[in-house]
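**Q** Please see the structure below; I have some questions.
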Amino acid sequence: MRWLLLKDLQILRRSPLQAVLLVAYPVLIAVLVGLAVSRGPEKPRVALLNEVPANARVSLSGTKLPSANVQRRICDKVECVHVHSRDEAVAKVESGDVLAALILPEDLVNKINSLSTLSPGTPKVEVLVNESDPLKAGIVDDRIEALLAQANLTLAKRIAAEGGKYLNLVIRGGDLPVLGGGIHILGLQASAHILEAIEPALPNGPLKVALSQVTEFANQAGENLDIAGPLINRLAQPITVEKVAVGGSSPPLETFAIAVAATLTLAFVAVLLVAGSLALEREENAYPRLTRGLVSARALLGEKVLLGVVVGLVVTILMLAGLTIFVPLEWSRFGLWLAAIVVGGASLATAGAALGAAAREVRAVSLLAFMVTLPVAFLSLVPSGTVGQGLYDVIKVITALFPFKPALEAITSALEAGNGGIGGPLLHLAILCIAYAAIARLALRRFTRV
Amino acid sequence: MQARGLVKRFGDREALKGVGFSAEPRELVAVIGPNGAGKTTLLSILAGIQAADGGEVETGDGTVGWVPQQAALYRRLTVEENLLLFARLEKHEDPSASVEEMLDLTGLRERRGEIVARLSGGNQQRINIAIGLLSRPSVLLLDEPSVGLDSRQRARLWEFVSALAGRGTTVIFSTHDIQEAERYGNRVLVLADGEALFDGPAEELREAVRREAPEAADRDFETAFVAYLHHRGH
Ligand SMILES: Nc1ncnc2c1ncn2[C@@H]1O[C@H](COP(=O)(O)OP(=O)(O)O)[C@@H](O)[C@H]1O
Ligand SMILES: [Mg+2]
């Protein structure tokens, strides 16, 4: 058997173009699909004209807030293209270079500061959009709206926090920083204590009654206003959002993308190589000669599967190693990777053998293998909920019959902890492996025709 | 080697209808017949590739070598790699020595490193035969070995095969060329539509043809042979 394996590797080496295609093409497809799966929508490019003076600060009641750094916040969410004039911003939007332009006017901070004065102004930002593309316009609207909502929320929180501080001062007393100095505020609680202390010294009479009323007010106000503080804070953020994922955990997109790339590579190498090399035995008329006492059909099948697993393993591991340049992988789980790739590879290889035994020529077989593997791979990537339930059930059955999906599950689970158990997929793969081996054995009987 | 009453059916079609013959060591037996006569079917049953539906095959001691009609070798490997692979699969004790032996026998020593696909059909056929010889057979079955070869290549092939027979191998070959059968076969087995029409020395076949197709007796042997087949209803 090892001589046959050596022979197949020699043939592979002799057909450099085929070998390169066999290895490079799957890797290319795998990386492309991986990219497509992992890459979220890009950050939109937005021109930013910031006319606010660098030293301007939002201040409330004379207290300057730490720099809110509006610019940084915006540029976190979108790709900022800094411009220096309104005309430049307009030109960029018109040319389509940017999706939109955001103009923060010079008086923006002053207007915000005026919110807490007796003559509040209306702070405004300006957004320039190229409305020729409705899709783009929609995206911009969404982004800007999200940005503004966030800015308003931040501002409201700050105002509420400031308000809370003043309230606290009134209740508990303390120093109010004013104009470089500070004024000591007594506070309701301390006032009540003082009044309570004075009360016994007063003679009974209308004065004492009046004082006890004031003391009572101070106590009640202190207690009730104490509740008001948290209430104001709540007002600033009426609803908090807590994201809860239901229906099992899904692997992080990056891990999943890598698993997809690895499984695609493994699938193409194993299926195409085994199917093609088995068909080659037939094309070269070697099958009857080999099975005439030199090797059994079973051993030949075993050799092909071994070939698929060995080459598939090498290529897949190399690809994963190459990917570590871009994404960190948990090499400590290497043993699990090996298990997933070997069992997945064996299952895919036997499926390839069954395909290879079905057609007569290498070319027809390669095409067949391609036509089966690619659609099944894509079907395996269809997430539930994106198609109708009936259709999804059909897809589930189809993808369960071919080793791609269980191999993907096994590899995903092997790459990172918490992506579901590896046992189920491995068992699934083993069952498919046995089934396809039986099919391949049956199909091989037709090979004996001379 | 002996065969008796061999029957082979493919669905309703009877490819062999009770064919029998025998061959002795050093004998060169030509199985001749038009395309579809059942030559390949007969040889592959003798080789054990296919099972007969009836009749029996007796092989003396030793193995039966089989050289299929279409070269069964790896065209992307070199001459040497092919020979080495099959020598190893035959579990020779010293595969490299067997390779050298076969390179001498086929006269392809200088071309040992060449990819088989680049060799001429004649040279490919020689390697095809050499691989069949690696099992060191006492009986060698050659299915239309000269098809696709030019006359010079044919001459070299038959020289090579005759030498094998001279060293004690029983050679059974098929051909659809009556002249080749007559020239190189000690014995001729005529097959048509799965029936054995004649089994005997080549000279006797000429006599039988003259006797049964007298109108074509003065024409060339091939024409006369076709007339003979026609008389026999084929
Ligand atoms: N595997 C097969 N299935 C069906 N028919 C076959 C098969 N092999 C041979 N035959 C038929 O049997 C007959 C004899 O074929 P074959 O032995 O190849 O003839 P020859 O080698 O003399 O040209 C032909 O009619 C052929 O069509
Ligand atoms: Mg034939």
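The values are calculated or read from the model by the stated rules, or taken from the named source; none is laboratory data. These figures come from a predicted structure and were not determined experimentally. Here the Cβ is made from the backbone with ideal geometry for all residues, glycine too, and neighbour counts use every protein chain on show. When the accessible area is computed, the model is the full protein with side chains, heavy atoms only, and any ligands, DNA or RNA have been set aside. Shrake-Rupley method; radii C 1.70, N 1.55, O 1.52, S 1.80 Å.
**Q** When region B:136-164 is examined, which residues are found to be within 16 Å of ligand 2 (Cβ to nearest atom) and under 30 Å from B:Lys91 (Cβ atoms)?
**A** B:Leu141, B:Leu142, B:Asp143, B:Glu144, B:Pro145
**Q** A further question follows. Within 14 Å of chain B (Cβ to nearest Cβ) and at pLDDT 90 or above: which single residue out of A:Ala339, A:Ala262, A:Ala297 fits that description?
**A** Details: A:Ala339 fails: within 14 Å of chain B (Cβ to nearest Cβ); A:Ala262 fails: within 14 Å of chain B (Cβ to nearest Cβ).
Just a single option satisfies the conditions, and that option is A:Ala297.
**Q** Within region A:289-307, track down each residue that is open to solvent by 10 Å² or more (accessible area, probe 1.4 Å), in contact (Cβ under 8 Å) with a residue 40 or more places away in the chain and assigned to a helix (DSSP H, G or I). Show your work before the answer.
**A** The initial filter retains those residues of region A:289-307 that are open to solvent by 10 Å² or more (accessible area, probe 1.4 Å), namely A:289, A:291-299, A:301-302, A:305-306.
Of the ones still in play, those that are also in contact (Cβ under 8 Å) with a residue 40 or more places away in the chain are A:291, A:295, A:297-299, A:301-302, A:305-306.
Within region A:289-307, A:Thr291, A:Ala297, A:Arg298, A:Ala299, A:Leu301, A:Gly302, A:Val305, A:Leu306 qualify.
**Q** So B:His176 fits all but one of (1) within 16 Å of ligand 2 (Cβ to nearest atom); (2) surrounded by 19 or more Cβ atoms within 10 Å (Cβ to Cβ); what number is the exception?
**A** Just one mismatch for B:His176, condition (2).
**Q** Which residue is nearest to ligand 1 (Cβ to nearest atom), if the candidates are limited to region B:1-16 and must be open to solvent by 10 Å² or more (accessible area, probe 1.4 Å) and touching a residue at least 60 places away in the same chain (Cβ under 8 Å)?
**A** Among those that are open to solvent by 10 Å² or more (accessible area, probe 1.4 Å) and touching a residue at least 60 places away in the same chain (Cβ under 8 Å), it is B:Ala15.
**Q** For region A:335-342, indicate whether the set of residues that are part of a loop (DSSP other than H, G, I, E, B), assigned by TED's automatic domain parsing to the domain that holds A:Gln18 and either touching a Cys at 6+ places or on another chain (Cβ under 7 Å) or not charged (D, E, K, R) (or both) is non-empty.
**A** Scanning region A:335-342, I find no residue that is part of a loop (DSSP other than H, G, I, E, B), assigned by TED's automatic domain parsing to the domain that holds A:Gln18 and either touching a Cys at 6+ places or on another chain (Cβ under 7 Å) or not charged (D, E, K, R) (or both), so the answer is no.
**Q** Please find, within region B:43-60, the residue that is farthest from ligand 1 (Cβ to nearest atom) out of those that are in a loop (DSSP other than H, G, I, E, B) and either free of Cβ contacts under 8 Å to residues at least 60 places away in the same chain or not β-branched (Val, Ile, Thr) (or both).
**A** So the residue we want is B:Gly60.
**Q** Go over the candidates A:Ala437, A:Ala358 one by one and state the one that is open to solvent by less than 50 Å² (accessible area, probe 1.4 Å) and either within 30 Å of B:Phe10 (Cβ to Cβ) or acidic (Asp, Glu) (or both). Walk me through how you get there before you give the answer.
**A** On the way: A:Ala358 fails: open to solvent by less than 50 Å² (accessible area, probe 1.4 Å).
Of the residues listed, the single one that is open to solvent by less than 50 Å² (accessible area, probe 1.4 Å) and either within 30 Å of B:Phe10 (Cβ to Cβ) or acidic (Asp, Glu) (or both) is A:Ala437.
**Q** Has region B:92-101 got at least one residue that is over 24 Å from A:Leu4 (Cβ atoms), free of Cβ contacts under 8 Å to residues at least 40 places away in the same chain and among the hydroxyl-bearing types (Ser, Thr, Tyr)? It would help to see each step written out before you state the result.
**A** Of region B:92-101, the ones over 24 Å from A:Leu4 (Cβ atoms) are none.
No: region B:92-101 contains no residue that is over 24 Å from A:Leu4 (Cβ atoms), free of Cβ contacts under 8 Å to residues at least 40 places away in the same chain and among the hydroxyl-bearing types (Ser, Thr, Tyr).
**Q** Return the total of residues in region B:17-42 being farther than 14 Å from B:Gly185 by Cβ and within 8 Å of ligand 1 (Cβ to nearest atom).
**A** Matching residues across region B:17-42 total 8.
**Q** Okay, next question. Could you check B:Glu81 against (1) in the same structural domain as B:Val99 (by TED's automatic domain parsing); (2) within 14 Å of ligand 2 (Cβ to nearest atom) and say which number it fails?
**A** Just one mismatch for B:Glu81, condition (2).
**Q** Find all pairs meeting these conditions: Cβ atoms under 8 angstrom apart; at least six residues apart or on different chains; first residue within region A:438-450 and within 14 Å of chain B (Cβ to nearest Cβ) and at pLDDT below 90; second residue within 15 Å of ligand 1 (Cβ to nearest atom) and open to solvent by 50 Å² or more (accessible area, probe 1.4 Å).
**A** A:Val450/B:Gln69
**Q** For residues in region B:52-70 being closer than 24 Å to B:Ser146 by Cβ and open to solvent by 50 Å² or more (accessible area, probe 1.4 Å), which is nearest to ligand 2 (Cβ to nearest atom)? Break it down into steps so the answer makes sense when it comes.
**A** From region B:52-70, those closer than 24 Å to B:Ser146 by Cβ are B:63-70; that's our starting set.
Next, only the ones that are open to solvent by 50 Å² or more (accessible area, probe 1.4 Å) stay: B:63, B:69-70.
Details: B:Thr63: 22, B:Gln69: 5, B:Gln70: 9 Å.
Step by step, filter region B:52-70, then rank; the result is B:Gln69.
**Q** Considering region B:186-222 alone, what residues qualify as being at pLDDT 90 or above, acidic (Asp, Glu) and closer than 17 Å to B:Ala37 by Cβ?
**A** B:Asp193, B:Glu195, B:Asp199
**Q** Please report, ordered by residue number, the helices (runs of 4 or more DSSP H) entirely within region B:61-171 with at least 3 residues that are within 12 Å of chain A (Cβ to nearest Cβ).
**A** B:79-89, B:121-133
**Q** Still on this model: Note down all Cβ pairs under 7 Å where the first residue falls in region A:1-14 and is at the interface with chain B (Cβ under 7 Å from one of its Cβ atoms), the second is open to solvent by less than 70 Å² (accessible area, probe 1.4 Å) and part of a helix (DSSP H, G or I), and they're at least six residues apart or on different chains.
**A** From residues that are at the interface with chain B (Cβ under 7 Å from one of its Cβ atoms), the pairs are A:Trp3/B:Leu85; A:Trp3/B:Arg88; A:Trp3/B:Leu89; A:Lys7/B:Leu85; A:Gln10/B:Glu81.
**Q** Same structure, new question: Would you mention how many residues in region B:21-51 are more than 17 Å from B:Val161 (Cα to Cα), open to solvent by 20 Å² or more (accessible area, probe 1.4 Å) and more than 10 Å from ligand 2 (Cβ to nearest atom)?
**A** Residues meeting the conditions: 6.
**Q** Quick check: is even one residue across region B:182-193 touching a Phe, Trp or Tyr at 6+ places or on another chain (Cβ under 6 Å) and of a type in the set (Asp, Glu)?
**A** No, every residue in region B:182-193 fails to be touching a Phe, Trp or Tyr at 6+ places or on another chain (Cβ under 6 Å) and of a type in the set (Asp, Glu).
**Q** Quick one: is B:Gly168 open to solvent by 10 Å² or more (accessible area, probe 1.4 Å) and at positive phi?
**A** Numbers: open to solvent by 10 Å² or more (accessible area, probe 1.4 Å): yes; at positive phi: yes.
Criteria met by B:Gly168.
**Q** Now for a separate question. Pick out the one residue from B:Arg183, B:Arg118, B:Arg152 that is modelled with pLDDT under 90, out of contact with any helix residue (DSSP H, G or I) (no Cβ under 6 Å at 6 or more places or on another chain) and charged (D, E, K, R).
**A** One residue alone meets the criteria, B:Arg152.
**Q** So, of the residues in region B:1-53 that are among the β-branched types (Val, Ile, Thr) and within 14 Å of another protein chain (Cβ to nearest Cβ), which turns out to be farthest from the chain's Cα centre (by Cα)?
**A** B:Ile49
**Q** Could you check how many residues of region A:361-378 are open to solvent by less than 50 Å² (accessible area, probe 1.4 Å) and in contact with a Phe, Trp or Tyr (Cβ under 9 Å, 6 or more places away or on another chain)?
**A** 6
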